[in-house]
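To keep things clear, I will list the structure first and then write my remarks on it.
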Amino acid sequence: MPNNSSAAVASVQQQISFGVLLIQILVGIFLCVNMLLIVTFFKKECFHTSARYILFAVMLMSDSFVLILSNVLVIINSLQFSIQVWLCTVISIVTLLYVMATPVTLTAMTLERYVAICLPLRHAELCSTRRSVHCILVIHCISSVPSMLNLSIFFATASLGFYQQRALCSVDMFILHPWQRHFRSAISQAYFFIMCTILVFCYIQIVKVAKAASGENKQSTHRGMRTVILHAFQLLLCLILLWNPFTEAAALKVDVKLFLNIRYFNYIVFSLAPRCLSPLVYGLRDEMFFLALKNYICFCFCKKNCSLS
C-alpha cells in the first residue's frame, strides 16, 4: 500500500510538472504575440484616433496582465508555496479586475461595430478619441464592481489576524461562508445576461443592415457579422471562466486528481484560449492592422540583418 501511494503521488506530481511546463510555453507564445501587436499599435499613429483599435489595444494589455498574474499564481501553487493573505488579496484584486475587463471590453467593441455599421453617420461623433478614453474609464469601473463587492464582503467577514496567515493563493480562499459563493454566482450571471443581451441586440441589428445593403456595403456588414460572432464565442469562453470555481469545488469533493485535471482544463480552455483569439480577430483578420504588423516585422528583420552585416 505505501508503495502504491508513493507511485500515485509521483504520478500526480509528474502530471502537474508537465502541465505547468506546457502552460509556460503557451503563455510565452501568447505574450510575445500580444507584445508585438501592442508595439505595432503604438508605432502606427493612425490607430491612435480609431476607437476600434484603441479598445483592441486595451484588451491586449488586459489579456497580458491576466496572463502574467495568473501564470505567477500557477507557478506558486504548483510549487506549493504559500504567501500571506494580504499579498494574495492585492494580487487577486488586480487579477479579477482584468479578468472581467476582457469581456466588458469585448462588449464595448461589439457596440462600436454596431455604431459603425448601423449608425455610420454618427460613428465619428460617438466613437471619437475623447469618447474612447472615457469608455476605457467606464470599462475599468464596470470591471471593478464584482471584485470590489466580493472582496468588500471578505474584508467585512474576515478577522484581522487572518491577513497575516500564510496560504495557497486562490479565489476560494476569499469564500468564508457558503452564501458568499451564491452571491458571487449571482453577480456573474447578471453580467453574463447583460453582455449577452447587448451582443444579441447588436448582431440582430447588423443582420438587418446586411440584408438591406448591397455591393461593398454588403461585404462590410458581413465582415462585421463575422467579427460579432467571434466576439460572441470569445465572450462566452470568458464568462464560463467565472463559473469555473463551482465546477472545481464540485470535483474536489469527488477526487483530488479529477480536481487537478478539471482545473488544468479550465485554465487552458477558458483562460488562455480567449486571450489567443484577440490577435486572431483583429491582429490577423483586420487588413489594415495586419499590413502594419507585417511592415513592422519586415522592418525589424531588415534592421537586424543590416546590423549583423
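A few notes on this one:
- The condition of being over 17 Å from L96 (Cβ atoms) and under 20 Å from the mean Cα position of the chain (by Cα) holds for T197.
- Each residue in the range 78-93 was checked for being open to solvent by 30 Å² or more (accessible area, probe 1.4 Å) and assigned to a helix (DSSP H, G or I), and 6 pass.
- Subset tally (residues that are basic (K, R) and either modelled with pLDDT of 85 or more or closer than 20 Å to R113 by Cβ (or both)) for the range 44-60: 1
- If the condition is being more than 30 Å from F155 (Cβ to Cβ), open to solvent by 70 Å² or more (accessible area, probe 1.4 Å) and either at pLDDT below 80 or touching a strand residue (DSSP E or B) at 6+ places or on another chain (Cβ under 7 Å) (or both), then the range 175-217 contributes K211, A212, S214, E216, N217.
- Some residue of the range 147-166 being in contact with a helix residue (DSSP H, G or I) (Cβ under 6 Å, 6 or more places away or on another chain) and not in a helix (DSSP H, G or I): yes
- Subset of the range 141-182 (residues that are among the polar types (S, T, N, Q) and under 26 Å from the mean Cα position of the chain (by Cα)): S143, S144, S147, N150, S152, S170, Q180
- Scanning the range 39-53 for residues that are part of a helix (DSSP H, G or I) and open to solvent by 20 Å² or more (accessible area, probe 1.4 Å) gives V39, F42, K43, E45, C46, H48, T49, R52.
- Here the condition is being within 21 Å of I29 (Cβ to Cβ), touching a residue at least 12 places away in the same chain (Cβ under 8 Å) and either in contact with an Asp or Glu (Cβ under 8 Å, 6 or more places away or on another chain) or open to solvent by 20 Å² or more (accessible area, probe 1.4 Å) (or both); of L69, L96, L60, it holds for L69 alone.
The values are calculated or read from the model by the stated rules, or taken from the named source; none is laboratory data. Since we're looking at a predicted model, the values are computed, not measured. Using ideal geometry, Cβ is built from the backbone for each residue, glycine included, and neighbour counts are taken over all protein chains shown. Only protein heavy atoms, including side chains, enter the accessible area calculation; ligands, DNA and RNA are left aside. Shrake-Rupley method; radii C 1.70, N 1.55, O 1.52, S 1.80 Å.
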